[in-house]
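Below is one structure, written out as structure tokens; comments come after it.
Read the figures in this text as sums done on the coordinates, not as results from a lab. Keep in mind the model is a prediction, meaning the values are calculated, not measured. So basically every Cβ, Gly included, is an ideal-geometry build from the backbone, and we count neighbours across all protein chains shown.
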Amino acid sequence: MFRWGVLSTAKIGREQLIPAIVDAENGVLAGIASRDLKKAKALAERFGARQAFGSYEAMLASDTIDGVYIPLPTSQHIEWAEKAALAGKHVLVEKPLALNAKDIARVIKARDKKKVLVCEAFMVVYHPQWIKVRDLVASGAIGTLRYVQGAFTYYNVDPKNMRNVLSLGGGALPDIGVYPTVSTRFVTGKEPKRVMATVERDKKFKTDNYSSIRADFGDFELSFYLSTQMAARQLMVFHGDKGFIEVHAPFNAGLYDHHRVELHNQNHTEATVFRFPGASQYRLQVEAFARAAKGSADPVFTLENSVKNQRVIDAIFRAGDSGGWEKV
């Protein structure tokens with residue numbers, strides 16, 4: 001059994017990853033770490049973790065932990081991913097790993113030095129609905145792909161929420177802009193050549209709260225919008241000359257909608273619906289990670305892939321400032 005430690009008592013850990021670790025068939029929740037030992041003990045008791053640590057350093061020094069999940073604020077991801085890797089721990093770090101693609105080099109160096117597994121937590125690539133979409137596009141089910149359209153929005157104006165705190169790495173692009181980008185890259189296996197974007201920032205928070213993006217992949221285009229101050233919506237559409245695919249709950253299946261992928265034919269006279277009841281992308285992610293850390297050939301989201309995805313986000317920010325096309 002892979003022995004998991006969790007650095008911090010953050011909400012996403014409490015609500016998503018820790019329950020997934022507890023449910024996983026090949027892992028055990030071995031410890032919770034917090035700068036507040038009382039919080040660590042309370043969460044450890046709630047989920048049956050074996051230990052509670054009063055500091056992150058204490059967990060990283062423990063020989064009872066094989067790997068750690070890091071759900072700290074975005075601005076701390078690089079620092080603690082590097083420290084955890086150098087401590088000899090396998091690392092699953094919440095997305096986005098970085099706020100600049102260049103910063104990931106530190107983590108790659110630490111990974112290679114200690115020969116550990118380090119992955120950014122893009123749970124969507126482990127979900128069977130996205131594997132189905134990738135397979136449908138690759139099989140020619142929609143013919144030649146010409147256009148991808150996406151949306152990811154929610155409403156959050158809480159000044160205490162880290163997504164609205166610039167110094168913690170808040171903003172819509174770091175938080176949710178990564179998803180239309182990574183899912184399109186995953187499905188097609190291709191990289192955008194250039195991007196154009198409108199990026200708006202909240203006057204109070206100074207974080208980006210709305211963006212409209214065009215990404216040129218050469219033989220097809222991706223267009224998506226995102227916001228942290230609009231009514232909640234998620235959708236991804238892959239449109240070809242022989243049909244199109246709609247993913248109705250692309251990133252938070254079960255919250256925004258049910259797991260549902262619809263394949264429509266050219267004349268919109270037939271539709272095939274694929275459903276994935278019971279699929280937990282977070283559990284699938286931690287199980288695949290644990291197997292890979294133990295030496296299996298399970299596909300995982302590599303740091304090299306993280307660099308490519310972050311380069312797109314970096315280019316979008318530049319395009320928002322320049323008002324023109326920016327090379328990725």
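Side notes on the structure shown:
- Given R0 = 51 Å, the distance between the Cβ atoms of Ala279 and Lys203 translates into a calculated FRET efficiency of 0.80.
- Of all beta bridges that DSSP places with both ends in the chain, some 60 percent have antiparallel geometry.
- Taken along its three principal axes, the alpha carbon spread of the range 154-247 comes to 47, 25, 19 Å, from the longest extent down to the shortest.
- The radius of gyration of the Cα set in the chain, together with its Dmax, comes out at 19.7, 61 angstrom.
- Net charge dipole size for the range 2-121 [Lys, Arg +1 and Asp, Glu -1 on Cβ; Debye, nearest 20]: 240 debye
- Averaged over residues, the count of other Cβ atoms within 10 Å places the peptides 291-297, 171-177, 276-282, 129-135 in the sequence 171-177, 129-135, 276-282, 291-297, highest first.
- Between the alpha-carbon centres of the range 65-116 and the range 193-253 there is a gap of 27 Å.
- Of the DSSP H helices in the chain, those that are both long (alpha-carbon extent of 20 Å or more along the helix axis) and hydrophobic (Kyte-Doolittle mean at least -1.0) are 303-322.
- Taking every DSSP helix (H) stretch of at least 4 residues in the chain, weighting each as -39,500 (n - 2.57) and dividing the sum by the residue count yields a mean residue ellipticity at 222 nm of -9000 deg cm²/dmol.
- Along principal axes, Cα extents of the range 215-328, largest first, whole Å: 46, 44, 32
- Fully extended contour minus Cα-Cα distance, from Asp219 to Asp36, at 0.36 nm per residue: 60.7 nm
- Annotation: lysines with alpha-carbon distance below 18 angstrom to Lys39 (same-chain offsets under eight excluded): Lys11.
- Exposure proxy shown here: for Thr64, Thr9, the number of other Cβ atoms within 10 Å sets the order, fewest to most, as Thr64, Thr9.
- Computed from point charges on the beta carbon alone (+1 for Lys and Arg, -1 for Asp and Glu), the dipole magnitude for the chain about its Cα centre is near 720 Debye.
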